[in-house]
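Notes follow the structure.
The values are calculated or read from the model by the stated rules, or taken from the named source; none is laboratory data. All values reported here derive from a predicted model rather than from experimental measurement. FYI the Cβ positions are ideal-geometry reconstructions off the backbone, even for glycines, and counts take in every protein chain you see.
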Amino acid sequence: MSANHLLSHAIDLDNQDVLKAYRNLFVIKDPSLIYLDGNSLGRLPVKTIAHMNTTIQEQWGERLIRSWNEGWYQQSMRLGKKIAQIIGAHPEEVIVSDSTSVNLYKIAYGALKMMEGRSEIVSDDMNFPSDLYVLQGLIKQFGNRHTLRLHKSADGISADMTELVRIIKRKTALVSLSHVAFKSSYMYDMERVTELAHMQGALILWDLSHSVGAVPISLRKANADLAVGSTYKYLNGGPGSPAFLFVRKDLQEKMENPIQGWFGEKSPFEFNLHYRQSGGIRKFLTGTPPVVSISGLEPSLDMVLDAGIGAIREKSMAQSDYLITLADEWLFKQGFRLGSPEFSEKRGSHISIKHAEAYRICRALIDPEVGERVVIPDFREPNNIRLGITPLYTTFQEIYLAMEKLRLIMEEKIYERYPRTRDKVT
Ligand SMILES: *Cc1c(COP(=O)(O)O)cnc(C)c1O
């Protein structure tokens, strides 16, 4: 297909886009900057600025400590209810608190404690390293009584269900997986894997960090036990915005929070000297929540709910397919290969492309001196370029222009001008 034809196709798709108005609801100071890293840090919604300003100036500045009774105390639960709608959970099953890693620690601990007697934890080698670190740390804490069994992906892109069937056994206490893999974007069949775990009597914990806000999720329909997820990626909560955790209702009474603090106590303001765990999901809180950070999440959650996850997913699939069409035309003959599943039903909302010179190619993409536009992707060791698509603000034309810049960098070997030494944050 000719470049002109591919571009006019993008223009048509942007014109027909039912979500196109949402782009205007984000701060986009430089429209020529193509941001394909919303899967690491989502853009800033315009409304978030005023919303956080209210939290600071009025609630903190004027109402001072009275604000605790005027909304702050309920904030973790109130926003948890909104997230519950996005992940197909009941409102009293989700809470906003801490980081994803800390939440994973808390509920994986609770799961291992509940499943005492079982000696294995199953995960995979595509999982986010922090998740594996947490599990490794827990094993030490439980006195090295568990083994971490990693399903090894044959191609680094997809999981193999028959292999998973083989390693999930009666000994398995917990299966802990990322719903969408952070590098390859591979998406597990949540219902199927949950059922596999349950058939062996194991608990399952889904990390939704790379799927929440990007793909439809129904924890209830899948009958999932536990979940955690990040809010600063597709949920645009801002740098370091607190994560969420989900514990299915019937497990809440049985599970313990290993970090007992006053916010998870039955009645914190009685200042009882002995901890009595609170009922319900609130027991998974520990200390005072980061009120200002959490407030930054709300306008974006409202926007995702308003747009509807179905429409977001549909656009995301069309955009990722379009991106792959361009890669097919221009990049795969230049030493690139696809690092994500070929079919959109099997992946989340980012695409990985692999090249031996991926790092230097990323440097050239970001460089304003190359081509007409700055393109921000992200690089993941050793050879992945991740191109994140956030349907609420990414346009088809941006995808075209980003891929055109990649083509230029490859055809003219522009990446050779850059050093191979890595920056601290890549
Ligand atoms: C982004 C991400 C995290 C982030 O963890 P934090 O503790 O919030 O830094 C964890 N797990 C996965 C799968 C992620 O993608």
Legend entry - Neighbours by Cβ (under 6 Å, 6+ apart or cross-chain): first from the stretch 34-48, away from the ligand (no atom under 16 Å from the Cβ); second among the acidic types (Asp, Glu): Ile34/Glu398
Legend entry - Only one of Gln136, Gln85 that is modelled with pLDDT of 95 or more, under 19 Å from Phe182 (Cβ atoms) and touching a Leu at 6+ places or on another chain (Cβ under 8 Å): Gln136
Legend entry - Which numbered condition Asp250 misses (of (1) over 30 Å from Thr394 (Cα atoms); (2) in contact with a helix residue (DSSP H, G or I) (Cβ under 8 Å, 6 or more places away or on another chain); (3) assigned to a helix (DSSP H, G or I)): (2)
Inset, instruction - Identify, by number, the condition in (1) surrounded by 24 or more Cβ atoms within 10 Å (Cβ to Cβ); (2) away from the ligand (no atom under 12 Å from the Cβ); (3) in a loop (DSSP other than H, G, I, E, B) that Glu256 doesn't meet. - result: (1)
Inset, instruction - Considering each of Leu33, Leu44 in turn, give the residue that is at pLDDT 95 or above and either exposed (fewer than 12 other Cβ atoms within 10 Å of the Cβ) or over 19 Å from Ile294 (Cβ atoms) (or both). - result: Leu33
Inset, instruction - Report, ordered by the first and then the second residue, all pairs with beta carbons closer than 8 Å, sequence separation of six or more or different chains, a first member in the stretch 197-221 that is on the phi < 0 side of the Ramachandran plot, and a second member that is in a loop (DSSP other than H, G, I, E, B) and surrounded by fewer than 16 Cβ atoms within 10 Å (Cβ to Cβ). - result: His198/Asn223; Gln200/Lys169; Gln200/Arg170; Arg220/His90
Legend entry - Exclusive hit being within 16 Å of the ligand (Cβ to nearest atom), more than 20 Å from the chain's Cα centre (by Cα) and in contact (Cβ under 8 Å) with a residue 24 or more places away in the chain, set Phe246, Phe284, Phe263: Phe284
Inset, instruction - Would you be able to say whether some residue in the stretch 107-128 is assigned by TED's automatic domain parsing to the domain that holds Val228, exposed (fewer than 15 other Cβ atoms within 10 Å of the Cβ), more than 15 Å from Asp225 (Cα to Cα) and within 16 Å of the ligand (Cβ to nearest atom)? - result: yes
Inset, instruction - Return yes or no: is Glu270 farther than 23 Å from Gln141 by Cβ and at pLDDT below 95? - result: yes
Legend entry - Test: residue in the stretch 351-363 that is under 28 Å from Phe244 (Cβ atoms), touching a residue at least 40 places away in the same chain (Cβ under 8 Å) and touching a helix residue (DSSP H, G or I) at 6+ places or on another chain (Cβ under 9 Å): yes
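The rows are residues; the columns are (1) of a type in the set (A, V, I, L, M, F, W, C); (2) in contact with a Ser or Thr (Cβ under 6 Å, 6 or more places away or on another chain); (3) at pLDDT below 95; (4) closer than 30 Å to Asp17 by Cα.
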{"site": "Ala327", "(1), (2), (3), (4)": "yes, no, no, yes"}
{"site": "Ser349", "(1), (2), (3), (4)": "no, yes, no, yes"}
{"site": "Arg386", "(1), (2), (3), (4)": "no, yes, no, yes"}
{"site": "Thr394", "(1), (2), (3), (4)": "no, no, no, yes"}
{"site": "Leu408", "(1), (2), (3), (4)": "yes, no, no, yes"}
{"site": "Glu411", "(1), (2), (3), (4)": "no, no, no, no"}
{"site": "Arg420", "(1), (2), (3), (4)": "no, no, yes, no"}
Legend entry - Within the stretch 349-400, tally of residues that are more than 22 Å from Pro45 (Cα to Cα), among the polar types (S, T, N, Q) and surrounded by 22 or more Cβ atoms within 10 Å (Cβ to Cβ): 2
Legend entry - Of all residues making up the stretch 401-426, the number that are under 28 Å from the mean Cα position of the chain (by Cα) and either basic (Lys, Arg) or surrounded by 21 or more Cβ atoms within 10 Å (Cβ to Cβ) (or both): 6
Legend entry - Selection status of Thr390, part of a loop (DSSP other than H, G, I, E, B), in contact with a strand residue (DSSP E or B) (Cβ under 7 Å, 6 or more places away or on another chain) and closer than 24 Å to Tyr234 by Cα: no
